[in-house]
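So the structure is just underneath, and the comments pick up after that.
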Amino acid sequence: MATGQVHSQCAGYTLSVPNVQSLATSLDKSTQIPERYVRPEANVDPIAPTNQIELPVIDLAKLTDPEFSKEEAAKLHLTCQEWSFFQLLNHGVPEELIEGLKADTVEFFNKPLEEKMVYKQDNDGTLQGYGQAFVFDEEQKLDWSDLFYVMTRPVALRNMKFWPKSPSTFRDNIDRYSLELTKVASCLWHYIATNLGVAAEVFAQLFKDHPQGMRFNYYPPCPEADKVIGISPHSDGTGFSILLQINDVQGLQIRKDGEWIAVSASPNALIVNMGDITEILSNGIYKSKEHRAMINTQNPRLSLVAFHGPDDSLMLQPLPEVVGDGKLNYGSMRYQEFMKAAFNKKLEGKEKSILEKLKL
Ligand SMILES: O=C(O)CCC(=O)C(=O)O
Ligand SMILES: [Fe+2]
C-alpha cells in the first residue's frame, strides 16, 4: 500500500488503537504481546548477514560542482534505477539544525502520554497529529509504532494546532528544516529531470510550492521483536521521500529483486527514496520500492520522513518526453484520486495496490 500523503484534500481516516509506546513500557519480558501485533510474516525471511548493506551514496556537493557533476549525475541515474534508495551526503542542511531537530523529537516522544495527546489526530481527514496510521478495521494487524504527522508546505496549509509548543524550539526547527528540504528537493528534481531527458522546468512546475508533509515515527523496543513489524511493507505515494534517522538506530529494510535487505546509512545522511509518483512520471524507469521498518529488543528507534509530492490537481501519467515513441507503461489518474484510492485500499478490500492497477 502507498503511504505518504502530503496534501489536505487526500482524505484518510484511521480508527484509534492503543498507544504502542505505553504498551511497550507496560510489558515485561515474561508477558506476551497482544495478538493483534503478532505478524507471522515478520520473521519468515530472516535477514542474512549478506543482506545487510550500507546504502549507495550520492554527494550533493559533487552533483552541483561543475567538475564532478556529470559523473555524479550518472551515478544518481544508475542508483535511482537499481536501488531507488540512496543516502545523500553533503546535503547542505546545517548540522546544528539537524541536531536541534533530533533533540526536540526525542524530547517530544519522551513526554508523558497526556502531553502528547494534546496533539492527537482528530480524524479531520488529513491524518495530522499524534497517533497511529491507516487502521481501517477492527481485525487488521497493527504496526509496532506511533507517529506524529504534520503538513508543512505550502505554508498556507499548515494547521498550527498540531504543532507542539514544547520543546520550545520544536516549531521553529520543523519550519527551518522544512525550508532547507525544499532547497535539497529543488536540486534533486533538477538532476532527476535532466537524467530522464526532461526539461528541469517541467519538474519544477509539477512540484512547485513543494507540497510537503512530515511524519515522525516512534518504534519502541519489543521483547518479541522478531514477531512484530514497525511499519508494514509499503511504497510511498510521493515524488520522493527524505528520511532522517533521528537516533541512529537502524531498522529500515527494502525489498530488492524480491528479497528483503536491511539497509543502513551514516548518522547525518538524508535517505532519499523514489515514490509512486516518480515511478509513473518516469514510465517505470525509476521504481518506487517497497520498504518496511523492523524492531529490536533493546532500543527505541526514531525516524523523520518528509514526503514530497505534487499538487493535488496533477494528472498523473508518464511524461511524453520520457515515453517518446516507446510503450506507455501506466494509465493516468489525478493525484488526488490516486491518494484517495491508496488510502481506501484496505477499506474496500482490494488486493492490488493502486500503483499496480495503473500498470498497463
Ligand atoms: O522509519 C523508517 O525507516 C521508514 C519509515 C517509512 O517508510 C515511512 O514513514 O513512510
Ligand atoms: Fe515509507
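Here are a few things to note about the model shown:
- Only Lys, Arg, Asp and Glu carry charge here, each on its Cβ (+1 for the first two, -1 for the last two); on that basis the chain has a dipole of about 520 debye about its Cα centre.
- For the chain: relative contact order, % (alpha-carbon pairs under 8 angstrom, 6 or more apart): 25 percent
- Å² per residue, accessible surface of the chain at 1.4 Å: 42 Å²
- Over 23 Å between alpha carbons, listed pairs 141/161; 183/208; 141/340; 111/165: 141/161
- Surface accessible to a 1.4 Å probe, residue 78 within the full protein complex, Å²: 100 Å²
- Under the span-like rule (Cα at least 18 Å along the axis, Kyte-Doolittle mean at least -0.5), DSSP H helices of the chain: 95-109, 170-195
- With DNA, RNA and ligands ignored, accessible area of residue 210 (1.4 Å probe; Å², nearest 10): 40 Å²
- Length gained when the stretch residue 14-residue 226 is fully extended (0.36 nm per residue, less Cα-Cα span): 73.7 nm
- Per residue, the chain reaches -8000 deg cm²/dmol at 222 nm when only DSSP H runs of four or more residues are counted, each adding -39500 (n - 2.57).
- Label point distance in nm, residue 201-residue 247, each placed 7 Å from Cα along Cα→Cβ: 4.8 nm
- Extension reserve of the residue 26-residue 54 stretch, reckoned as 0.36 nm per residue once the Cα distance is removed: 6.7 nm
- Length gained on full extension, residue 107 to residue 35: 22.9 nm, using 0.36 nm per residue less the C-alpha separation.
- Computed label-point distance, nm, for sites residue 299 and residue 122 using a 7 Å Cα→Cβ extension: 3.7 nm
- Accessible area ranking (1.4 Å probe, heavy atoms, ligands and nucleic acids excluded), largest first, for 109, 134: 134, 109.
- For a straight C-alpha distance cut-off of 18 angstrom, the lysines reachable from residue 287 (same-chain residues fewer than eight places away being disregarded) are 75, 256, 327, 352, 357, 359.
- Centroid-to-centroid separation of segment 150-219 and segment 309-323 [C-alpha atoms, Å]: 19 Å
- Sequence of 339, 315, 294 when ordered by accessible area, the most exposed leading, probe 1.4 angstrom: 315, 294, 339
The values are calculated or read from the model by the stated rules, or taken from the named source; none is laboratory data. Just so you know, these numbers come straight off a predicted model, no measurement behind them. Every residue, glycine among them, receives a Cβ derived from its backbone with ideal geometry; neighbour counts consider all protein chains shown. For the accessible areas, the whole protein counts, side chains as well, though only heavy atoms, and no ligand, DNA or RNA atoms are used. Shrake-Rupley method; radii C 1.70, N 1.55, O 1.52, S 1.80 Å.
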